[in-house]
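Okay, so here's the structure we're looking at.
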Amino acid sequence: MISENGLREELALCTRIFAMQGMIGVFGHVSVYQPETKTVFITPGMGSDKATLRPDQMVPTDLKGNAIAGTEGPPVEWPIHTALHGARSDALAVAHLHTPHATLFAIAKREFRPVTLQGAIFNEGVPLYPEAQLITNPERGDALLKVIGNKRAALLRGHGIVVVGQNLQEVLYTALVLEDDTKKTLQAASLGEVGTISNQDCRAFGAEIALERRAQRAWNYFASLEARWDRQPGTGRSELFP
Ligand SMILES: [Zn+2]
């Protein structure tokens, strides 16, 4: 079992890296779940400065969104996190982000398909939560669960994305890949028709098998950049696959 302090440190670091990458700002939140104690640790809500988050600022809650300690409650869309942590044993970490490029696929009437080999982890698809609404109660959390099924991510109509993973390393990596693949799709479209990676080629690449190793290496790389980041928006950031 990872200690509470360990989870708080990883959650703060993961969120600071998302901030460095321009993937989280005034909106968005990230959580990690400790199943042994049924405790959710979630980043503070709208307006908190994600670039400077410290482990002691993380908000612990139960699976009903009740704050366990401290005076600050969780972000209003806490049911995104509690629904997934409560229902899926493979959803120990969850990010809800309004990233610039992936969110376009929640706006355009166009299905997401991987366009790079790294994107093959999304071979099973990224389903769309069709209602243009915030997920602020458990009923909407349950509706999101039905949409996402056993997939690793979902799009929220006119809103943003949700990414789940076995740990924060996986959530960081897969969110970076989803943002990178959607950005490349948009850029490639200016050259003409976009070629997507077939189901067969996705499976042959075996991205799933190597996911743990890739996620850990990406985590180490971005953690090292974050350690020397000057905390100013737009600096320090790195392309995932330059
Ligand atoms: Zn949101």
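Can you list which of the DSSP-assigned H helices in the chain have a Cα extent of 27 Å or more along the long axis and an average Kyte-Doolittle score of at least 0.0? Membrane-span-like by this criterion, though nothing is claimed about a membrane: 168-189. Accessible surface computed residue by residue for segment 104-177, with neighbouring protein chains in place and a 1.4 Å probe, gives 40 Å² per residue.
Take every Cα pair under 8 Å in segment 29-118 that's 6+ residues apart, average their separations, divide by the length, and report that relative contact order as a whole percent. Don't jump to the answer; show the numbers that get you there.
On the way: 114 pairs, mean separation 23.8, N = 90.
Relative CO of segment 29-118 lands at 26 percent.
For the chain, the tally of Lys pairs with Cα-Cα distances below 28 Å comes to 17, considering only residues 8 or more apart or on different chains.
Surface exposure of segment 187-242, expressed per residue as accessible area with a 1.4 Å probe, stands at 72 Å².
Per residue, the accessible area of segment 1-93 comes to 41 Å² when a 1.4 Å probe rolls over the protein heavy atoms. In this calculation the C-beta distance from MET1 to ARG213 is compared with R0 = 25 Å, giving a FRET efficiency of 0.65. Given +1 at the Cβ of Lys and Arg, -1 at the Cβ of Asp and Glu and no other charges, the dipole of the chain around its Cα centre is 320 debye to the nearest 20.
For segment 50-177, the fraction of 1.4 Å probe accessible surface lying on carbon and sulfur atoms is 52 percent.
The values are calculated or read from the model by the stated rules, or taken from the named source; none is laboratory data. On a predicted model such as this, the values are computed, not experimentally measured, just so you know. Neighbour counts are summed over all protein chains in view; Cβ atoms, including those assigned to glycine, are modelled from backbone coordinates with ideal geometry. For the accessible areas, the whole protein counts, side chains as well, though only heavy atoms, and no ligand, DNA or RNA atoms are used. Shrake-Rupley method; radii C 1.70, N 1.55, O 1.52, S 1.80 Å.
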